[in-house]
Every structure is written in C-alpha cells, then in structure tokens.
C-alpha cells in the first residue's frame, strides 16, 4: 500500500477527512478488500492505544467553566433562554475551541468504520422562493445539551464566516434576502443566519417556522428581532413534542402581524423558504 493511501486510511479511522474525502475513500473501501482489511487493522490498533490510556473523569463543571470564560468576553451574550424571541448571536472565535474540548472530554471511543449511527445536523438554505435541506454527519456528539450547543455555535459561525462551505447552495442575495439554518433534531437547538432581509413592514414581525414534512406538524422557532434591513446570526430552541424526533424538516419565515408571544399557526406571507404544509 502506498504512503498516500496509508495516510488516508489513518485519517479515516481518526475521522479527520472532510465529507468529500470521506465519500471518495469509502468508495475505495467498497472496491478493495485489501484496503478494508488495512483500515480494520488500524482501527484495532488505535482502539488498543485508547483503551490503554489512564481513565480520567473530567470535572463536572468543566463545560460551565468553558462557557463562562466565553461569555465573559466583551459583546457576547447568554444563549437564548426563552423560545419566544430569538437572540442575536455575537461571533466569537472561542466557540471553535470550546467545541473541540466539549467533544474530546465527553467520551473516549473508536468509532466503527460504518458511519450510519453518526449523529446528524440539519442544514437548510432559504431564499425568497425555496428551501433546500441537507443532512450533515458530524463526528462525536457532545455529551449533553450544553456540549451540543457549543458544537452548533461553532458550526453556525463557520458557515457565517465562510458561506461557500455550506452543504447547500444559497441563491445570490436579492431584494428578498436569503438565510441558512443549522439545527440539531436531538437537542432541538439551532441557529439561523439572515442576509439582506428587508425591514418588516410596520405592525409586522418575522417569525421562523419548522415543519415536519412527514407529519406536517408545524412548530414556531421564534421571532427575529430585526427592525431594519440588516444581517444577523440568531440562536433559537424549540419545545420538543414528547419523544418525537424527525430528520425530515424544513424551515420557512413569514411576516406576521404583531402579537403578544408566539402564534400557533403561520398566517402571514412567506418571505423566505417554502411553506410545505
């Protein structure tokens, strides 16, 4: 086996390949029994190394400490506490570091070659006429909702700073605006990035909706605190419905007449995405 392929095999076992590299490598695995055997040898070797490491239980307040240090930075606000009004998110580089820490201390394990059980994050692109959904496989899931929130924040910021990295193609920004949403169906937390959305008309507010395309159940994610034509990255959370979890979700944004609190049903004009109900 040549050195280049050996390196790819090692990076695959360590889950260090990007989506394109992983897809290409897995196609090689299907076609080569020799490569498959080598990858399994590497997986076994790495597993033995990990199992031989001293066991260490991270302090219970580690994640709280990470978040506290991040939130202490100027301009960073606490994450959304109410499912009503979305909170504008201030970008901070520390979330990327925190995401790595949160994952590394949550579990010590070597993943199987088969990645079907890897957790999903949903990424949705929105413009004035459509919604485009992509299912993004992530590596290790955070141990709890706080760790998953840190991971989502890091991913949302990455796409905000580098929109070309999005797994869905955003239409060119026009007078109607565009957006993307990153959502974890396991924790019911997410972010939505808005670009060039016009200011709402007097007496109206922008409401963000999530619809399960299988059951047609609609839930409101929150109200965008936009008062002028501007960009913004916002965090949100939704109330889970029992143990129900779906990966067939779409997002859309409507302009609703002002009301106190959330509304149960979208009645206003759709301004971003497509209303699939």
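The residue that is modelled with the lowest pLDDT, among those in the stretch 228-248 that are surrounded by fewer than 20 Cβ atoms within 10 Å (Cβ to Cβ) and in a strand (DSSP E or B), is 230. Taking the criterion of being in contact (Cβ under 8 Å) with a residue 24 or more places away in the chain and assigned to a loop (DSSP other than H, G, I, E, B), the residues of the stretch 191-208 that qualify are 198, 199, 200, 201, 203.
No other residue among 167, 163 is touching a strand residue (DSSP E or B) at 6+ places or on another chain (Cβ under 6 Å), surrounded by fewer than 20 Cβ atoms within 10 Å (Cβ to Cβ) and at pLDDT 85 or above apart from 167.
The values are calculated or read from the model by the stated rules, or taken from the named source; none is laboratory data. Keep in mind the model is a prediction, meaning the values are calculated, not measured. Don't worry about glycine lacking a Cβ; one is built from the backbone with ideal geometry, like all the others, and counts go over all protein chains shown.
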